[in-house]
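The values are calculated or read from the model by the stated rules, or taken from the named source; none is laboratory data. Bear in mind the structure is a predicted one, so any value in this text is a computation, not a measurement. Please note: Cβ atoms are built from the backbone with ideal geometry, for glycine as well, and neighbour counts cover all protein chains shown. Areas reflect the complete protein model, heavy atoms only, side chains present, ligands, DNA and RNA absent. Shrake-Rupley method; radii C 1.70, N 1.55, O 1.52, S 1.80 Å.
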Amino acid sequence: MCKSVSIQSVTCASEVEKSEEKVNFDEAIRLTGYGKFNYFIVIISGVVLSAVLLETLSISFVLPVAENDLDLSTEDKGIVSSVAYAGIIASSHISGFLADTKGRRLVIMLSLLLSFGCTLISSFVSNFWIFTAMRFLCGFFISGSSATIYAYLAEFHTIKMQSKVIMGAAFVFGVSSMCMPLIAMLIINQEWMFVIDFLNVEYKPWRLFVLTCGSMSLISGLCFVFLPESPKFMFTNGKKEEALGTLRKIYRLNTGRAIEEYKVKEIIVDEKNIETSCQPDSKDLSLCKRMWNQTAPLFQKMHLKNTLILCSIQFLIFNTSSGFYMFFPEILNRAIEFTKENPNTSSTICQAFYQNRNSSMTDVNPSNIIKLEFKTYEYSFILEIIYALGFAVIGVLVNRLGKLFIVLFVLLGCGLCAFAISFVSIVNLSIYLYVILLACGLSVNVITGSTLELFPTSLRAMAVSLSLMCGRLGSVFGSNVVGLMLDKYCEYAFLYSGTTLIICCCLIFYIPNISKRRGTESSDNKVISPS
């Protein structure tokens, strides 16, 4: 009897061992453990996202103090503010195509390094059009990393962990982004200057600020020299042994054990979720044709609804989060100056903006370098703290509460703040409501997590790139609409912003599986696999 039990136990152990030798990709990722490598990937992904922010939004702090050096008119400021987003829009499609066909790592690394090169050049030029061209190219190149990094990060983790690690990277992004107002406060308002004769350039603090913000791209780009390609990308493109080799190295880094102890010998295709490659068989096809073959499935019956909904939501969120942010320092600066000059006057933030603008137009001294009020930096820092804490809280609760609840809470709350700003007659309170309104960007990463889950690996980077491209279009559209309305119809600008966020709340319900939670095993089994 004992012999029989012993033989049966050995047989069962043998069957378990064999089952672990041949597993699907999600199980192979799970067996690598979760350790040092995963933490580093999350951190570097957050730094990349922060680099994108610094390259695109730091210009809002530069324009007021650089207007004399670059001979900027109000119209010129509008061009420079939106030109980086124009670059991102121009390259989003091709960067998504390259990431899905040539690899995530290569696209991310090159985009970061090339972006830094453009930033370096822009920090030394005095000609408006050259500066504008460099900002456009900076946006053009940085686009490759801004969308692809989500796919790269997710593909190193199991389906259950993907939303959580994306929010973890977003938390790192939020913490890193707090550097922007701090760096601006420490550098921009200084008064030193030296002349670079052979370039005929007066090198001032704002130029150092531009270069400092760009250095984040250089640092993160160099990190990717030592990082591997996404194993899921390699597996999907038929490089099964290379993918398995990468997983073994991750196992060794996470567990400290020998590579030979990793039990997986072969990764098998999950028949329930077989991916069909959208890449053309013929290498002789033109680039445009190949890009079309990669993009067309997103607009076919199977994916069309999801593509349109996700693109529309990102457009409307960026419309406020980035569109309104471009005017954040200026509106705050004018409101703060108004409260200093009229400490006991009740006024809405828009009325303060109108009055301060009119008084400043009658007292112009172009020889002076404009400096931002200290409180402008302070409120910017508060906004970044809200983002950092918000990402941390969402990262902890996203699997328990579900994406639907979190996105509705963020967008509805921010939308109501937008409506309140037009009517609250306490300027300081209005400023805090304005800060909360801009926090609507917290929902972008949650929506991106849903995008990753709804599309297969062969379309994932393209889907994220396309949705974020629509988001950047929303940034350009929003900043122009707000710019046109701000001088005479400031209240309506905020009402417009609140309305778009409420529309987003309605569209959220049409995203498949956004109401699913991953806190329990049963819910995991019901979720559609991104594979």
Mind pulling up the Rg/Rh value for region 126-205? Radius of gyration and Kirkwood radius, both on Cα.
1.16
Under 15 Å by backbone N from the virtual spin label 7 Å along Cα-to-Cβ at F374, the residues of region 314-345 are 337, 340
Taking H placed 1.01 Å from N in the peptide plane, check which residues at least 5 places from V201 or on another chain put their amide H under 5 Å from its amide H.
I196
Neighbour cut-off at most 14 other Cβ (10 Å), DSSP loop, chymotrypsin sites (Phe, Trp or Tyr not before Pro), region 414-476:
F423
Looking at V396, F97, S443, which one has the Cα that reaches farthest to the positive end of the dipole of the chain (charges on Cβ: Lys, Arg +1; Asp, Glu -1)?
V396
Give me the percent of accessible area attributable to carbon and sulfur for the chain, probe 1.4 angstrom.
63
Any chance you could check the Cα centroid distance between region 480-517 and region 402-468 for me, in angstrom?
9
Solvent-accessible area per residue for the chain at a 1.4 Å probe radius, Å²?
44
Charge context of E266, other residues only, Cβ under 10 angstrom, K/R +1, D/E -1
+1
Just to confirm a number: summing +1 for Lys and Arg and -1 for Asp and Glu over residues other than S146 whose beta-carbon lies under 10 angstrom from that of S146, what do you get?
0
Here the averaged projected area of region 36-163, based on the convex hull of its alpha-carbon atoms and given in nm², is 8.5
Just to check I understand the Karplus step: with θ = phi - 60° and J = 6.51 cos²θ - 1.76 cosθ + 1.60, what whole-Hz values come out for region 211-217, glycine and proline as x?
5, 5, 5, x, 5, 4, 5
Average Cα contact separation per residue, the chain, under 8 Å, 6 or more apart, as relative contact order %
24
Considering only C-alpha atoms, what is the centroid distance from region 170-232 to region 308-355, in Å?
26
Which of the trypsin sites (Lys or Arg not before Pro) found in region 234-265 are loop residues per DSSP with 16 or fewer other Cβ atoms within 10 Å of their Cβ?
K239, R257, K263, K265
Taking every other residue with Cβ under 12 Å from the Cβ of F37 and scoring Lys and Arg +1, Asp and Glu -1, one gets +4
If the only charges are +1 at each Lys and Arg Cβ and -1 at each Asp and Glu Cβ, what is the size of the charge dipole of the chain around the Cα centre, to the nearest 20 debye?
1480
Please state the equivalent ellipsoid semi-axes for the chain: what are the square roots of 5 times the Cα gyration tensor eigenvalues, largest first, in whole Å?
45, 26, 21
